[in-house]
């Protein structure tokens, strides 16, 4: 059962998803997330599809219900993303509700779809006759893209013939309209590009790939149409193969990149791939929050300038975290380079995982790295997580990624099976002329020991490739029959164990989980003079709830030499399983001169000792709405 | 000839504007600003009133022209603010264009005004019959307030009977509608409150004061009406006498404060005054940029949280700087406390003055303290200054304040004439039973020597009060016949010279203009570990244009012990008269670890020496659109 991104047999990729994979999570955090997904998040979201009017919009379009279109022009995509979620969910076991939702909705879409294949409830209900007249804002291709992704997911898991039929008729319609048409025909919000490539992969229909190529190539020539935020915001300022850096609206940019890499993988367009990889590198180096979050500004939801990474004012949209993982994953497949999996890990365990509450009920759209005590000035965004939103892009971005998460754990390249992410699971795949069965046991991310048992193996040599994250400063490996020894990963950040395996043999990888203080590059102005606590893949934060009485989070400081003490909790109220970190910190109180918060150089602040406690950032705001900060001032000891 | 804010004879104020004042600027920076105002800014703005449709809107309302209303609902206020500008300008000398603009426009407003006194071109032209139906957003009272201020200005300078007539008819109409009416009737944008008090002062009509009181008192009871940004944004969350801190939309908040203080001054409402003063204190201590700029967020144009003062992302709207000066000035009159003049000075010479280009042609609406090299991600705001805007509130806020600026220099209290701001000028006023004539000679803000010559004096004792800014760490005074001696200002930040004066006697005040490094309060996260260069009242900034070739502004750092060397320029190209500051700084280049801008604690950066140069912040961006920063990282020497 395949997940997202299955390059065609002839694709130009360095890595591929495992062949004929069977994956089962057997415990740990990923499984917790998936249980929460199925038990709580998905049912709530399906309820919201009714409450928000997103499903009703299709019934109205089908002529089965009276009423006005509700929600944003892209409300259809909420439905499509939940269809995709349901399809991925069903690979882990049957569920009558999900099965019914998938088949009922596929049937509804079939009835709502127009004779020529067009399907967009907003335009059918609210603006009939105006289809494709304002693609800069209409999201018509964007919604189509999400439908294609849902159909591909269904196709790869449950079959989903009916949904695939709807998707193909819509895709054929797009080909008829936009392959033939010499006019602009570019959606202001990319997404359909990557989806068309995936639809090509699922169906073998070359025209879908051709249409994706056309949409990628025509971008950057001012054809999207005028928008108040400008061509850059809509990624129409430079051709995709020329733009030197990510820019503009973050989610738009990331979806476009995913499409560009998918296209390059299928066509062998090295220049296109290299352009995208160069932008990824610049993004990682200059525009990425410590949590992996992307998008420094609420205004326009844009990246912001190089090194503009404010902890408090950053948007770091949840959809952007999910899209970043999707782009990185495609680059990993295309190039085989380990750094892409490193950023997937950072983003997944921090910016992405923090978006949803521990109980799976509520979501942040924006994911800042700091919240001040009062935070009364919130404008335009909710102060806390919410179950759903008028513009509800983020919740189903979480559910669909969580539902497909196990597919991001491994790849194969030649005779090597790579493990990029570590979670307790059983994984089997066709490999080396037979079947490889692996069992991964680990308490990751709480502990750094990963035990891989080869349960099943074909005869002959093949290799196991284990990613060593860059934060693991010392790493140990125990091979079958060998002694525990310290290892240095290769240039790709991996250790390879190549041998003729026998069933039952084990490899033990031990990553260094010593908590560490991380400091920013000197060009990041917003957190200069501060440090963050990290342990393993987890970024930590200081929440008001954990600090000593009378000590405000905003007064905290850490001595550079502070000892970081690890505290393991089987079930901390509100958080569940967690590891907290404690340190002998300080509370700093400063005086004001002349009534202003500025003083002459040399002013001395009052410092008093305070034992401070940090929790994983991804678990923040599950115990009241107090202050929080990831970056804490560093003071000389 | 009086300026803005002339408390009535019975007002409860500690200070008053000088009695029967005559003020003439005789040179220096204020005069330069005023010459630029008259020669360039005002003519350009009058041209834009035509180009934007703001004047045409009134002609359409008067039935003299065909067409649709153009511009925002508050476009009328652009006209009113230019009327106010013209009125203040005419006190310095005749100008046919300004006189014609004043009288022609007064006549146009008279023709456009409805029989019942209502005057608002948007509602008359675009939404007839909908007046007062959505005050939360309509700006109808806001526009009326600006008209009242224009009429009061005309009344105090040129006479302006016709304009005053229009204003009174509109004010009478408002009294009829909103004194009688038991309904809500509160404008979402305060401004009319302070204007009504001033109209009361100019006319003696008590009902205007009563209406102002009613509007101040009813605010904070949820009567403004629902708005997507919430009651807090519209200052309707708490009664004005209860709100503990400034919040919400900055300009709205500041105009309301000005009205509250005006009202308290006229009614002796100590509690109302104290509430406003407490909010001012909190604002100064926790939400004020080093430049005096206010408003940390573009989204909602709100203050932001306590200590949320990002140098790059702050809005610091030009209108907010002007409004801050207006509020501080009213508090100075009401309480006599010197700190208000300190903030007026900081705001005037930095945040406010930076808004307009040196040539007087273009304006910033937002005034950040940092601009990065690329700044390609601008969304929603212009990347550079512009001549005018669709929402053109800021340019006429500059012209009207510059035109009335000399009135912010002095007050009287008892037998003392106070000088709060220093500029070369002649000032005469009725005082101590006769006429006091002062001549102030100074090269302020470039130099700290201020010579006050008493040209004319009544017999008997009276005192001269000179403000000593808090940045002057050592101050010297030379009294008539006395020796130069170091002085310590009183608790109000002033030195007083009381004597029986003889004409021709001089007092020389010498302020310490040694350049200094200023550091932020430890709670300001965004500029931690950085310092700013200041000299006298001026905040300095580093622009790319002045740095050594190959050294980027974003790489600059200053050693804590850096010697700051002063360079005086009679006419630096692009800037004119200025004083720059040079230091032996550093350029710091940091490495990236694992491709991310974060590193393990202890990473060492490459440093190379660089002679760096700072210019006054108010003169920034007059030589190309390069990078700029006020706050620069501080490194141990």
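Can you tell which of A:578, A:514 is out of contact with any helix residue (DSSP H, G or I) (no Cβ under 8 Å at 6 or more places or on another chain) and either outside the structural domain of residue A:32 (by TED's automatic domain parsing) or part of a loop (DSSP other than H, G, I, E, B) (or both)? Unique residue meeting the criteria: A:514. The numbered conditions (1) under 26 Å from residue A:229 (Cβ atoms); (2) more than 13 Å from every other protein chain (Cβ to nearest Cβ); (3) surrounded by fewer than 24 Cβ atoms within 10 Å (Cβ to Cβ) are all true for residue A:333 except (1). Criterion applied to A:79, A:73 was being touching a residue at least 24 places away in the same chain (Cβ under 8 Å), under 25 Å from residue A:398 (Cα atoms) and assigned to a loop (DSSP other than H, G, I, E, B), and the one residue passing it is A:73. Taking (1) buried (at least 18 other Cβ atoms within 10 Å of the Cβ); (2) more than 10 Å from chain A (Cβ to nearest Cβ); (3) part of a loop (DSSP other than H, G, I, E, B) in turn, residue B:522 satisfies each apart from (2). Scanning segment B:535-554 for residues that are in contact (Cβ under 8 Å) with a residue 40 or more places away in the chain and not in a strand (DSSP E or B) gives B:536, B:537, B:544, B:545, B:546, B:547, B:548, B:551, B:552, B:553, B:554.
Of everything in segment B:281-301 that is touching a strand residue (DSSP E or B) at 6+ places or on another chain (Cβ under 9 Å) and in a helix (DSSP H, G or I), the residue that is farthest from residue B:348 (Cα to Cα) is B:300. Within segment A:377-399, being within 13 Å of another protein chain (Cβ to nearest Cβ) and more than 19 Å from residue A:54 (Cα to Cα) holds for A:377, A:378, A:379, A:380, A:381, A:382, A:383. Here the condition is being surrounded by fewer than 21 Cβ atoms within 10 Å (Cβ to Cβ) and touching a helix residue (DSSP H, G or I) at 6+ places or on another chain (Cβ under 9 Å); of A:50, A:84, it holds for A:50 alone.
Select from segment B:339-389 the residues that are in a helix (DSSP H, G or I) and touching a strand residue (DSSP E or B) at 6+ places or on another chain (Cβ under 6 Å) and write down the one among them that is farthest from residue B:34 (Cα to Cα). Looking at residues that are in a helix (DSSP H, G or I) and touching a strand residue (DSSP E or B) at 6+ places or on another chain (Cβ under 6 Å), I get B:341.
For segment A:248-271, state whether one or more residues are touching a helix residue (DSSP H, G or I) at 6+ places or on another chain (Cβ under 9 Å) and at positive phi. Yes, some residue in segment A:248-271 is touching a helix residue (DSSP H, G or I) at 6+ places or on another chain (Cβ under 9 Å) and at positive phi.
Restricting A:342, A:312, A:374 to those that are at the interface with another protein chain (Cβ under 8 Å from one of its Cβ atoms) and within 13 Å of the chain's Cα centre (by Cα) reduces the list to A:342. The set of residues in segment B:597-608 that are more than 16 Å from residue A:526 (Cα to Cα) and facing another protein chain (nearest Cβ under 9 Å) comprises B:600, B:601, B:602, B:603, B:605. Taken over segment B:456-486, the criterion of being within 31 Å of the chain's Cα centre (by Cα) and surrounded by fewer than 16 Cβ atoms within 10 Å (Cβ to Cβ) is satisfied by B:473, B:474. Residues in segment A:201-209 include none that are in a loop (DSSP other than H, G, I, E, B) and under 18 Å from residue B:376 (Cα atoms).
Condition check ((1) surrounded by 22 or more Cβ atoms within 10 Å (Cβ to Cβ); (2) more than 10 Å from chain A (Cβ to nearest Cβ); (3) more than 24 Å from residue B:368 (Cβ to Cβ)) across all residues:
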| site | (1), (2), (3) |
| --- | --- |
| B:537 | yes, yes, no |
| B:561 | no, no, yes |
| B:591 | no, no, yes |
| B:619 | yes, yes, no |
| B:633 | yes, no, no |
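Among the criteria (1) farther than 30 Å from residue A:136 by Cβ; (2) touching a helix residue (DSSP H, G or I) at 6+ places or on another chain (Cβ under 7 Å), the one residue A:45 does not fulfil is (1). Among residues that are more than 14 Å from chain A (Cβ to nearest Cβ), over 30 Å from residue B:450 (Cβ atoms) and in contact (Cβ under 8 Å) with a residue 12 or more places away in the chain, residue B:611 is included.
Looking across segment A:237-273, the residues that are closer than 20 Å to residue A:294 by Cα, more than 14 Å from chain B (Cβ to nearest Cβ) and outside any loop (DSSP other than H, G, I, E, B) come down to A:251, A:254, A:255, A:256, A:257, A:258, A:259, A:260, A:261.
Do we find a residue being modelled with pLDDT of 95 or more, within 14 Å of another protein chain (Cβ to nearest Cβ) and within 27 Å of the chain's Cα centre (by Cα) anywhere in segment B:434-453?
No - not one qualifying residue is present in segment B:434-453.
From the list B:130, B:168, B:162, which one is surrounded by fewer than 18 Cβ atoms within 10 Å (Cβ to Cβ), over 25 Å from the mean Cα position of the chain (by Cα), assigned to a helix (DSSP H, G or I) and at pLDDT 95 or above?
B:162
If you check residue A:13 against the conditions, is it closer than 30 Å to residue A:269 by Cα, buried (at least 21 other Cβ atoms within 10 Å of the Cβ), touching a helix residue (DSSP H, G or I) at 6+ places or on another chain (Cβ under 8 Å) and touching a residue at least 12 places away in the same chain (Cβ under 8 Å)? Criteria met by residue A:13.
Just one of the listed residues (B:221, B:229) is touching a residue at least 12 places away in the same chain (Cβ under 8 Å), within 14 Å of chain A (Cβ to nearest Cβ) and either crowded, with 17+ Cβ neighbours inside 10 Å or more than 24 Å from the chain's Cα centre (by Cα) (or both), and it is B:229.
The values are calculated or read from the model by the stated rules, or taken from the named source; none is laboratory data. Predicted, not measured: the structure shown is a model, and the values here were computed from it. Heads up, the Cβs are rebuilt from the backbone with ideal geometry, glycines too, and the neighbour counts pull from every protein chain shown.
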